Structure formats: C-alpha cells, structure tokens
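Data first, discussion second: the structure below is written as structure tokens.
Read the figures in this text as sums done on the coordinates, not as results from a lab. Because the structure is predicted, anything quoted here is derived from the model rather than measured. A quick note on method: Cβ atoms are made from the backbone with ideal geometry, for glycine too, and the neighbour counts reach across all protein chains shown.
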Amino acid sequence: MSFTPEGELYLAQARRILIDIQELEHRLGLANHTPTGLIRVNATLGFGRSHVAPLVSRFVARHPAVEVQLQLSVNPPALSEDAYDVCIRFGEPPDARVIATRLAANRRLLCASPAYLARCGTPQSPGDLADHDCIGIRQGAEAYGLWRLTPDRKPARAQAVKTRGTLSTNDGEIAVKWALDGHGILMRAEWDIQRYLRSGRLVQVLPGYHTPEADIHIVYPEHHRASGLIRAFVDFFKEAFRQQAARQPQV
C-alpha cells in the first residue's frame with residue numbers, strides 16, 4: 001500500500017502524536033503499571049509454532065488484560081509496514097526505522113542423519129556438497145540453494161556453494177523431518193535441530209565452517225518505544241529466551 005505525499009505527512013504526524021501519548025501514559029503510570037491492550041505479533045511458521053506461541057500463552061496467563069494476535073508467515077512482511085506491533089526475526093534487521101533487541105544467539109548448522117552419511121559419505125570440504133543431496137528451504141529473500149560457508153581457521157574466506165537435491169519445501173519442520181529420514185544434508189537454525197544433534201539422530205556436517213549469523217531478534221517500530229505494553233512484552237521474551245538458553249548447552 002502506498003500513500004500520497006499528503007497521506008505520508010498525515011501518517012508521520014499521527015505517529016508523533018501517538019509517541020507523545022504513549023510517553024505521557026508512561027510518565028503518569030496509567031493502569032497501575034498493569035499491561036493492557038492489543039499486541040499484533042508476527043513470526044515465521046516453524047519457529048512461531050514451537051517457540052513463540054508457547055511464550056505468548058505464558059505472557060497472557062500472567063497479564064490477562066492483554067490481547068495478542070499471533071500471525072505466522074512463510075515470508076514475513078516488510079518491517080516498515082504497520083501491520084504488526086512486534087515481529088520475531090532471524091538475522092540483523094535491515095530496516096533502521098525499527099528497534100531491534102537480540103533475544104538469543106543462533107547459528108545455522110549443516111546436518112544429516114547417520115544413515116545418510118553412512119550411505120553417501122561425509123563431506124570434508126564445501127566443494128564436496130556438490131556430490132550430495134541437499135534439502136532446500138525456500139523462505140524469504142535468500143538465494144535458494146546457495147550456501148555460504150566460511151572456515152573457522154584464518155585466513156577466513158567465504159565460499160558460496162550451489163547445492164542440489166530432490167527435495168525442497170517452504171516449511172522448516174518438514175525439511176528437518178526429511179533430514180531425519182535420511183534424505184540429505186540440511187542447513188538449519190541451531191535452535192530447531194539442537195535436540196536432534198544431542199540425541200544423535202542428526203550429526204553436524206562440516207563443523208569447521210560457519211554460515212552467516214541468524215541471531216534471533218524481537219523488533220518493533222520506533223513509535224512504540226514509549227509503550228509500556230510493548231516494553232513488558234519485549235522484556236518477558238528477553239527473560240524467557242535467556243532462561244531457555246541457559247538450560248541448553250551449545251552443540
């Protein structure tokens with residue numbers, strides 16, 4: 001949706017007024033410091049189901065005067081849109097007009113099942129991936145099938161590898177299931193596969209290489225900076241992720 005120049009001016013003025021109102025509410029301590037109101041939240045499908053939705057349930061149990069609308073998307077909307085109050089994102093948010101708070105460190109790892117590696121061998125270098133079935137995930141604006149790997153040793157020079165495979169999906173949970181079934185090598189966020197790595201159902205591939213960071217952020221528009229409701233929601237998520245990370249050792 002686009003606005004006329006007059007509409008853009010009106011929207012900017014309305015945002016400034018909203019910020020002033022929220023700041024006044026914060027200073028006066030309205031509602032006895034009890035969070036109330038509506039929060040519209042967006043997250044990706046798999047991570048939203050497994051991690052965000054349970055935390056939303058706990059948040060509204062603690063704050064029954066809050067209403068939360070959780071929308072899960074395969075391709076998250078642009079952060080500049082006003083469709084949501086809070087979004088959960090992977091990687092560094094590209095939009096400078098939002099406030100981003102890191103919830104947790106998160107690596108993307110290559111992994112495969114022991115059965116697949118026993119059948120097809122274990123890659124020793126990024127170039128070996130060309131001879132393997134790789135499970136593709138079509139999500140967001142990232143180049144499909146292009147994996148960027150950088151050696152941990154110095155000098156570190158990133159290598160872009162074009163992968164191939166017989167299976168691809170836009171759902172991360174399905175991709176993990178296929179990897180567990182032995183269909184190929186998968187690149188997936190550590191938060192999604194760490195339980196399988198610890199149990200041995202998946203094995204890390206090329207552990208001496210790392211991929212672009214995919215840290216988990218909670219982001220919200222600048223005009224929500226003074227909102228006590230948004231601040232309570234963000235603080236709750238920060239503490240919940242801190243506790244969860246403390247219970248889950250690094251792979």
Checklist outcome for this item: Taking Cα pairs closer than 8 Å and at least 6 residues apart, the relative contact order of the stretch 154-251 in percent is 18 percent
Checklist entry - If eta is 0.890 mPa s and T is 25 °C, what Stokes-Einstein diffusion coefficient results for the stretch 120-188, Kirkwood Rh from Cα pairs, in µm²/s? => result 192 µm²/s
Item to check | Cβ-derived FRET efficiency at R0 51 Å, Gln13 paired with Glu213, nearest 0.05 | outcome: 0.85
Checklist entry - Among residues other than Gly121 whose Cβ falls under 12 Å from its Cβ, what is the net charge (Lys/Arg +1, Asp/Glu -1)? => result -2
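In what sequence, highest mean first, do 38-47, 184-193, 63-72 appear when ranked by Cβ atoms within 10 angstrom? Can you show the working numbers first?
Numbers: 38-47: 20.5, 184-193: 22.8, 63-72: 14.8.
The most tightly packed comes first, giving 184-193, 38-47, 63-72.
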Item to check | Principal axis box of the stretch 160-251, alpha-carbon based, largest edge first, Å | outcome: 49, 29, 25
Checklist outcome for this item: Given a Förster distance of 30 Å, the FRET efficiency implied by the Cβ-Cβ spacing of Arg138 and Ala78, rounded to the nearest 0.05, works out to 0.95
Checklist entry - Placing +1 at every Lys and Arg Cβ and -1 at every Asp and Glu Cβ, with all other atoms neutral, what dipole size does the stretch 108-210 have around its Cα centre, in debye to the nearest 20? => result 260 debye
Checklist entry - Counting Lys and Arg as +1 and Asp and Glu as -1, what is the net charge of the other residues whose Cβ lies under 12 Å from the Cβ of Leu167? => result 0
Checklist outcome for this item: Here the FRET efficiency for Arg231 versus Arg195, based on Cβ atoms and R0 = 41 Å and rounded to 0.05, is 0.85
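Work out how much length Arg164 to Glu239 would gain on full extension: take 0.36 nm times their residue separation and subtract the Cα-Cα distance, in nm to one decimal.
Details: separation 75, 0.36 × 75 = 27.00 nm, distance 3.97 nm.
Full extension from Arg164 to Glu239 adds 23.0 nm.
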Checklist entry - If only Cα atoms are counted, what is the Rg of the stretch 48-119, and what is its Dmax, in Å? => result 16.8, 55
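Under a Cβ-Cβ cut-off of 15 Å, what is the net charge of the residues other than Tyr196 that fall near it, where Lys and Arg count +1 and Asp and Glu count -1?
Charge balance in the 15 Å sphere: +3.
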